[in-house]
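Values in this text are rule-based calculations from the coordinates and carry no lab data. As the structure is a prediction and not an experimental result, all values here were calculated from the model. Note: ideal-geometry Cβ built from the backbone for every residue, glycine included; neighbour counts use all protein chains shown.
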Amino acid sequence: MPQSPTTVLVHSPFLGPSSLRPLAAAVLRRGRPALVPDLRPALAPPPAGAADGAIHRRLAEVFAEVVGSNAAQGPLVLVGHSGAGPLLPGLADALDRQVLALVLLDSTLPTPGRSFHEAAPELDAFLRRFVVDDRLPPWSDWFQPDPLPELVDDPALRERIAREQVRVPAAFLDEPRPDVSWPGRVGYLLLSRTPYGQEAEAARRWGWPVRHAPAHHLAPATEPNPVADALLALLDELTAG
């Protein structure tokens, strides 16, 4: 029987691994290997005079190191949630392992060679108003009121997600994403139509398989079972044959 690929769940740079660990546990309960690399160590501010792309390069290095040390032998599938979706082609390119497919999970689409500033100028301008000491505020501080109490009922889980939020260096917004194209299979799993419905429609126009598991943006943490079912069905479609 062919070995099931390891599902590597990539958390948003603005969140932490607890946003995806319940989903990983649900995938494991279904007999599939899963891994959530912790990318937070890569998000320290780059030193003065660092070369362009230092943060994205460090993200790829940390990702490759964790996957190389922890993923089971065999092929991989990469799943990028939220702000991690656009990073997937560069992360896949950093691996010396076979990657069968990429899945964008409630995320924007990859824009190789373009910066966050270029790809989402309105959001970029909004976020820069809150920069303090060359860092962005925690994700939950982007909104009023704080969305976490509404989205995450469990107090302990909510506290973990809040504590793990990264104050990402503002330089991350200016760095061009690695100019790496992905020639393989890609799928899109939509959770929240606002604001990601238009991203799912764009993915469909590209000819990518798209599935919808109606929920909210942090459902991988709070409703992992239906998200896991939809994700594995999409992965089976992408890796068949």
**OP:** Name the residue farthest towards the positive end of the dipole of the chain from the options ALA200, GLN3, HIS212, assuming +1 on Cβ of Lys and Arg, -1 on Cβ of Asp and Glu, about the Cα centre.
**Re:** GLN3
Original post:
Among LEU190, LEU148, which comes first, then next, by fewest other beta-carbon atoms within 10 Å?
Top reply: LEU148, LEU190
Subject >> Charge dipole (debye, nearest 20) of the chain; +1 at Cβ of Lys and Arg, -1 at Cβ of Asp and Glu >> reply: 420 debye
**OP:** With a cut-off of at most 10 other beta carbons within 10 Å, and DSSP calling the residue loop, which trypsin sites (Lys or Arg not before Pro) in region 72-154 qualify? Please list them.
**Re:** ARG129
Original post:
Tell me, what are the semi-axes, in whole angstrom and largest first, of the equivalent ellipsoid of region 100-162 as set by the roots of 5 times the Cα gyration tensor eigenvalues?
Top reply: 25, 20, 10
Original post:
Given C-alpha coordinates of region 3-94, what is the ratio Rg to Rh with the Kirkwood estimate of Rh?
Top reply: 0.99
Original post:
What is the calculated FRET efficiency for ASP38 to ASN225, with r their C-beta to C-beta distance and R₀ = 22 Å, to the nearest 0.05?
Top reply: 0.40
Original post:
Roughly how many whole Å is it from the C-alpha centroid of region 16-35 to that of region 142-159?
Top reply: 21 Å
Original post:
In nanometres, what is the gap between the two model label sites at VAL132 and ASP96, each 7 Å from Cα along Cα-to-Cβ?
Top reply: 4.4 nm
Subject >> Calculated FRET value between ALA240 and GLN198, using beta carbons and R₀ = 30 Å, to 0.05 >> reply: 0.60
**OP:** Place +1 on the Cβ of every Lys and Arg and -1 on the Cβ of every Asp and Glu in the chain, take the dipole about the Cα centre, and give the residue among PRO17, PRO145, PRO33 whose Cα lies farthest towards its positive end.
**Re:** PRO33
Subject >> Computed log₁₀ I(q)/I(0) - Debye formula, equal Cα scatterers, no solvent, the chain, q 0.11, 0.18 Å⁻¹ >> reply: -0.53, -1.58
**OP:** With +1 on each Lys and Arg Cβ and -1 on each Asp and Glu Cβ, and nothing else charged, work out how big the dipole of region 136-241 is about its Cα centre, in Debye to the nearest 20.
**Re:** 280 debye
Original post:
How much net charge surrounds VAL36 when only other residues with a Cβ under 12 Å from its Cβ are counted (Lys, Arg +1; Asp, Glu -1)?
Top reply: 0
Original post:
Of VAL67, LEU87, ALA44, which is farthest along the charge dipole of region 1-110 in the positive direction, counting Lys and Arg as +1 and Asp and Glu as -1 at C-beta?
Top reply: VAL67
